[in-house]
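Novice: To start, I am sharing the structure in question, which I have written as structure tokens.
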Amino acid sequence: MAADVKTKKRRTQGERREEAESKLIEAATVLVATKGFDGFSLAEVGDLAGYSRGLPGHYFGSKIELQNRVAEHIVSEFYKDAADLPIRKRGLQRVNDLIRHYIRVSKLERVKALTFLFTQAQIEDSLKKTMTRLHNQAISTLKQEIEIGIENGSIRRDVDPLLQAGVIYAFLRGQLAFAVLDPSYETVSLGETFIANLKQSIQAG
């Protein structure tokens, strides 16, 4: 029996690597949020994660590639959290719930890191490609819910789904930028005001 328990606890090399990569990405997220894009080294990532200073370079190859993985991880966590939100009704209600969720997490450390990475993407081509893909994913998610809302009658039929998704996403990105600049920035009340205006603008009569 003891041998069986010991066997069950033994992890494969792939599992150990996956755990190490996850911890390194989490450490890099903290460092981006607190020191900015250029304020730390790969060696510091290894130290903070509790591994050797050379492991981040071995696993990710470069700081840029690690930053790309950080961005993907942050967005992945957002969508995992959003998937757990109760779906009261698809369409306009779901759009409102996603807006509230986005605003609720806007002051988390990982979201602050994402905002820094969006800024850095303006001058780093590799990071720009990743951020563009993540940007398009967010627009697509909102667009899909608006299309569902048009079909189920919660959103007016003359609303342009892609254009409206862009308007919503532009507001949310702006909220994140303000929250990073000013920790006391009141995101919730402004978010609710935006939702009220959005409802008045696109809700089906």
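No lab work stands behind these numbers, since they all come straight from the coordinates. Please read all numbers here as calculations on a predicted model, not as lab measurements.
Novice: Given the -39500 (n - 2.57) contribution per DSSP H run of 4+ residues, what per-residue ellipticity at 222 nm results for the chain, rounded to the nearest 500 deg cm²/dmol?
Specialist: Helix-only estimate at 222 nm: -25000 deg cm²/dmol.
Novice: Please report the base-10 log of the normalised intensity I(q)/I(0) for region 95-205, using a Debye sum with one equal scatterer per alpha carbon and no solvent, at each q in 0.12, 0.13, 0.16 (1/Å).
Specialist: -0.45, -0.53, -0.77
Novice: Same structure again: May I ask which of Lys107/Lys129; Lys35/Lys129; Lys107/Lys143; Lys89/Lys143; Lys23/Lys63; Lys107/Lys128 have a Cα-Cα span longer than 21 Å here?
Specialist: Pairs exceeding 21 Å: Lys107/Lys129; Lys35/Lys129; Lys107/Lys143; Lys107/Lys128.
Novice: With the chain treated as a Gaussian network of Cα nodes joined by springs under 10 Å, which of Asn152, Asn96, Asn68 yields the largest mean-square fluctuation?
Specialist: Looking only at Asn152, Asn96, Asn68, the largest GNM fluctuation is found for Asn152.
Novice: Work the Kirkwood hydrodynamic radius out for the chain: mean of 1/r over every pair of different alpha-carbon atoms, inverted, in Å.
Specialist: Answer for the chain: a Kirkwood hydrodynamic radius of 18.9 Å.
Novice: Check which residues have an amide H placed less than 5 Å from Lys89's amide H, if you skip close sequence neighbours.
Specialist: Excluding prolines and chain starts, which carry no amide H, the hits are Arg94.
Novice: Right, here's the next one. Working from the alpha-carbon coordinates of region 36-154, get Rg over Rh, Rh being the Kirkwood radius.
Specialist: Working: Rg = 17.3 Å, Rh = 16.1 Å.
Here the Rg-to-Rh quotient is 1.08.
Novice: Then there is this: Compute the angle between helix 109-120 and the longest alpha-carbon principal axis of the chain, please, reported from 0 to 90 degrees and rounded to the nearest 10.
Specialist: Roughly 80 degrees, rounded to the nearest 10.
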